[in-house]
Amino acid sequence: MAEPKNKFIGRSVPRLEDRPLLTGRGRFAADVNFPGQWAMRVVRSPVAHGRLRGIDAAAALAMDGVHAVWTFADVAHLPPIPFRLTGLVELEPYRQHVLASEYVRYVGEPVAVVFAADAYIAEDAAEAVELDIEPLKPVMKATDEPGPFDESKRTEPSVIVKSYGDVEAAFRQADSIVTLELAVGRHSGVPLETRGAIGFYNEALGRLEMHGAAKVPHWNRDTIGRMLGRTRDDFQLFEGHVGGGFGIRGEIYPEDVIVCAAALHFKKPIKWIEDRREHLIAANHSRQQTHRIRAAIDRKGRILAIDDEFFHDNGAYMRTHAATVPDLAAAMLPGPYRVPAYRATGHIRLTNKTPCGTYRAPGRYESTFVRERLIDAIAANVGVNKVEIRKRNLLPQSAMPYALNLDTLGTHIVYDSGDYALLLDKALERAGWAKLQKEIAKRRANGEKVGAGVAMFVEKSGLGPFDDVRLEIKADGGIELVTGAASVGQGIETAMAQICAETLGVDYATINVVHGQTDRIGRGLGAFASRVTVMTGEATRRASERLRSKALTLAAELMQADPEQLDIVDGEIVREGGAGPSMKLSDLAKAKPGELIAEDSFESKHMVYPYGVHVAAVRVDAETGAVAIEKYVMAYDVGRAVNPTLVEGQIAGGLAQGIGGALYEEFLYDEGGEPLSVTFADYLMPTAREVPPSSILITEDAPSPLNPLGLKGAGEGGTNPVGAAIASAIDDALQRPGAIVSLPVTPQRLRAICAKT
Amino acid sequence: MKPAPFVRHVPRSLDEALKILAEVAGDDGRILAGGQSLVPIMAFRLAKPAHLVDINEVEGLDKIADDGQTLTIGARVRHAAFHKPVTANPLGALLAYVARHIAHYPIRMRGTFCGSLAHADPSSEWCLTAATLDAVMIAKSVKGIREIKAASFFDGIMSTHLKEDELLAEVRLPLLPADAKFGFYEFSRRAGDFAMSASLVTYRLDGGKMTDARVGLGGAEASPRRIAEAEAQLNGKAPGDAAFRAAGEAASAAIEPLEDHQTDAAYRRDLVKVVVRRALEHSLK
Ligand SMILES: Cc1cc2nc3c(=O)[nH]c(=O)nc-3n(C[C@H](O)[C@H](O)[C@H](O)COP(=O)(O)OP(=O)(O)OC[C@H]3O[C@@H](n4cnc5c(N)ncnc54)[C@H](O)[C@@H]3O)c2cc1C
């Protein structure tokens, strides 16, 4: 088969998604309206932990325009929200019901919902619902002794252990042992579009619909369907434009289930749009962990074993992600280094705070911070610099593929390909490391507190087990690509169109990518775990191959040619060498209506592992505790970049979120469990002024051997090591190895560290 | 985050505005100026005023006037009006420099100078400016006019001595001496955030020595104010590190620091030292 003349894979073509978004035609959840809809408002617990003795809704029900108030009694028939990933059986008793029954366990927990004529009346009425709650003592720290969850259960649902090798023996033989206690603060993805869900019961079709879906529409359709007793045929989910996902948006939350249940019950469209204050206390939090880690090392600082015990603060309940975050933290902690023996013991702890889930680079932002702090500490211990210590411990390219002997997300971790040392060299070169070191030394001599840090990491991507793609060339010449993947703004329409266009031989702009619509394709896994470009991308390539040979076979008859001698170039079927008459694909579609359809799937049991290096240079204002990031370099090997600009966008955006967790964003609580970060004035997201210019180096040195295009996902490498790199740079600026032991590094905390000298 | 129900009144004249205000004041009626503080507070339902007297259409309140002695700033004058100096007197440059530190551009296009004073956020740059320069507030109501000095205007966090039925019609800032020097510095977590502490300083030089020193401090205590102890460290001394440090130390020792969940008292006291010194250093630039 001839190589297509139109190259699309690897080109930074403009995004197909942008036109509607830039011309004001984006349609987000709040833009969805049905005639006669009711607004829903959630009444949330104002108490962190308590016994719910009664709810008095009489005053609310008496207000003009209020249709109904639901409490637990109205939803008692619904099961708690099931797990989607890593659902250990012992965690099941800790799942969240859609409304609180006997206990409330965090400020923000839904206890009732009001249905009213509009959102204003609904909010007035929600305020009038009176709650009788007997306060109980809250558990606020995952590192404290577990407390009671209810009469019979305690707040440590499970302890996960992942290990290989003889850890004890390695510690006995060690020349030295390095021990650290490290903590990452509670923060999360905060998409600018808050959550929203609109339930609509189409009586004519007997079909329930939910609009405002995101991330995993098919799984949510099946799961909410099971909760409500609906089937795949009479319940559909629809994804519109989505204003950011980051792991937290699109999971099943209580509100999604309630709008669907209420739409069915009242036979009225039910619209719920989350406000920002709700979002900051109700949508998944993430990241909060404390690690006590030790490494056994030899005289040269080579790692003999790592033993980590950590406490994962999951908030009040186990939500859809169940043990995913601590599981990933434990499984991915070893990173790019050779760790001959390893043990991680993760305590999953519940506290009276907002429940947690995944957030971009889940478990890895945390464990990379911990591991890279450990590597820096080892460097200090043996007296070598931070680059040298990494080189001494990196897995060599010759070790690839490398089986880590650990499992996560139902897969064995096998690093598929990588040349970690090469990327380290490239990143240092891009950062001008040698020159940077000289400049730093000079400025330091003048009294400035400046320093540089390095952090390395291995990411995971392309989680299976499958994805399907269906392609059709329509009679009008348009090409439709239907997938069960989802768009959270990452550019999947463009990337899929590029893969399809190049494989098929058409212009990528002629391809219409349909995603997130459960009525258009039977199954699909959605968008998470940096999976779409790998899984849906390969399914797209396969379906495109099929469609191509189908088109050539059909065309061969009409053109009286051998299919082997035909090629498709820019939507036109031509003879090899360009001689003789040609035929447009659209004409073929007209001649063979309904025949130019192809479907294919990609199945994979293994993830693929991109890897990266971040280099940061910072200046510390020791008098105030402020940190200025002066330079930031990110090198990331993604195997093959379908669209380098999109990959850069992922990395640049990921950096902003990484900086948030390193320096700004934190959900704080007082001792009584009152959340203190409930507005954008208290929960500080970095803005354009705080995010420095950065330099991004995308490399393709290690294509994945697990798919023909060599693809690896690119969604999380901008975020993963940012806390680690900045901490390393601040240590260096202060000339105090190990100074930073927790994130975020706020001015007050850093000032206290500076003042300690 | 939908506000509770309210009635919005849109008077066209000052008399009409004062009349409506007198009628609704008892019913938690409030003035709506730029809305950049009031509207978010209403959205959070921290305030549920039954009436809003929207002064954005009131004639005559949008004036900035320099009469050679004072600069008069009307109730509708927005922060953005100060982006460029409004007077050739050094006060113009001072206000332009300070204005840039208030919030973000879109907010400065709506928020008003007088609204900031009435709102009395401890960190407000304009409240600090008014306190440092001894502004005079002109409060009007159906009962008449009151002049209130800055030193007796603020009454703690987000509270003033304005009465419920009074409109802060204008603020008068004394012009600075032609040879006045000023300096300003504030520290906040992010660009545009309310300062965790801010300082505005002015002084003149007499034979190389500082005189008429004013050291204002905002964001550190419940209300911004001049810190006499710091000023005493400057008057009669040459501008420079020794005097500036001494002023910072004196201010730091003199205050009763605010505490919030991101900033404890000790950190704020520590910060004040630096902020005052850096404001003074800025005066030399
Ligand atoms: C994201 C954000 C960041 C901000 N950052 C800063 C900052 O860094 N520094 C800063 O100083 N401010 C900041 N602000 C506040 C902003 O400057 C406001 O504009 C200002 O505090 C209030 O002015 P306003 O005209 O908007 O008043 P409004 O919001 O309309 O009113 C505020 C209060 O003052 C009363 N009021 C208003 N005008 C009068 C009057 N003439 N007489 C009597 N009472 C009156 C109102 O009734 C109300 O109680 C920020 C605001 C936002 C949203």
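Couple of notes before you dig in:
- Toward the positive end of the charge dipole of segment A:490-649, with +1 on the Cβ of Lys and Arg and -1 on the Cβ of Asp and Glu, the farthest Cα among A:Pro581, A:His606, A:Met496 is that of A:His606.
- Between A:Leu668 and A:Asp587, the contour length at 0.36 nm per residue exceeds the alpha carbon distance by 22.9 nm.
- Segment A:11-78: trypsin sites (Lys or Arg not before Pro) in DSSP loop, at most 14 other beta carbons within 10 Å: A:Arg25, A:Arg27
- Order of A:Met400, A:Met332, B:Met109 - criterion: other Cβ atoms within 10 Å of each residue's Cβ, fewest first: B:Met109, A:Met400, A:Met332
- Taking all Cα pairs closer than 8 Å and separated by 6 or more residues, the relative contact order of segment A:212-370 comes to 23 percent.
- Only Lys, Arg, Asp and Glu carry charge here, each on its Cβ (+1 for the first two, -1 for the last two); on that basis segment A:494-574 has a dipole of about 580 debye about its Cα centre.
- Fewest-first sequence of A:Ser188, A:Ser176, A:Ser152, A:Ser586 by Cβ atoms within 10 Å of each Cβ: A:Ser152, A:Ser176, A:Ser586, A:Ser188
- Straight Cα distances below 14 angstrom link B:Lys209 to the aspartates and glutamates B:Asp179, B:Glu231, B:Asp241, with same-chain residues fewer than 8 positions distant left out.
- Modelled spin labels at B:Ala43 and A:Ala579, positioned 7 Å past Cα toward Cβ, are 7.0 nm from each other.
- Computed per residue of chain B from DSSP H runs no shorter than four, each worth -39500 (n - 2.57), the mean residue ellipticity at 222 nm is -8500 deg cm²/dmol.
- Straight-line reach from A:Lys268: taking Cα to Cα under 25 Å and skipping same-chain neighbours fewer than 8 places apart, the lysines in range are B:Lys2.
- Per the Debye formula on identical point scatterers at the alpha carbon atoms of segment B:64-174, with no solvent, log10 I(q)/I(0) at q = 0.10, 0.24 Å⁻¹ is -0.25, -1.49.
- Loop-located GluC sites (Glu not before Pro) in segment A:127-226 (DSSP state not H, G, I, E or B) with no more than 16 neighbouring Cβ atoms inside 10 Å: A:Glu151, A:Glu203.
- In a reduced charge model with +1 at each Lys and Arg Cβ and -1 at each Asp and Glu Cβ, segment B:64-174 shows a dipole moment near 320 debye about its Cα centre.
- Size of electric dipole in the protein assembly as shown: Cβ of Lys, Arg +1 and of Asp, Glu -1, about Cα centre, debye, nearest 20: 2180 debye
- Ranking of A:Asp476, A:Asp256 by count of other Cβ atoms within 10 Å, fewest first: A:Asp476, A:Asp256
- In chain A, the DSSP-assigned H stretches of four residues or longer account for a calculated mean residue ellipticity at 222 nm of -8500 deg cm²/dmol, using -39500 (n - 2.57) per stretch and the full residue count as denominator.
- Mean shadow area of segment B:186-282 over all directions, Cα convex hull, nm²: 5.7 nm²
- Non-local lysine pairs in segment B:64-174, meaning eight or more places apart or on different chains, with alpha-carbon distances under 20 Å, amount to 4.
- Once both labels are positioned 7 Å from their Cα atoms along Cα-to-Cβ, the gap between A:Asp150 and A:Arg299 label points is 6.0 nm.
- Stretchable slack from A:Gln735 to A:Glu92, in nm (0.36 nm times residue separation minus alpha-carbon distance): 226.7 nm
- The loop-placed trypsin sites (Lys or Arg not before Pro) in segment A:258-353, going by DSSP, that have at most 15 neighbouring Cβ atoms within 10 Å of their Cβ come out as A:Lys267, A:Arg299, A:Lys300, A:Arg338.
- Under 18 Å from the Cα of A:Lys300 - aspartates and glutamates, other chains or at least 8 residues apart: A:Asp175, A:Glu372, A:Asp376, A:Glu388
- Whether chain A is rounded, prolate or oblate, judged on the alpha carbon gyration tensor where a/c under 1.5 counts as rounded: oblate
Computed from the coordinates by the stated procedures, all read-outs in this text should not be read as laboratory data. These numbers come from a predicted model, not from an experiment. All Cβ positions, glycine included, derive from the backbone under ideal geometry; neighbour counts span all protein chains shown.
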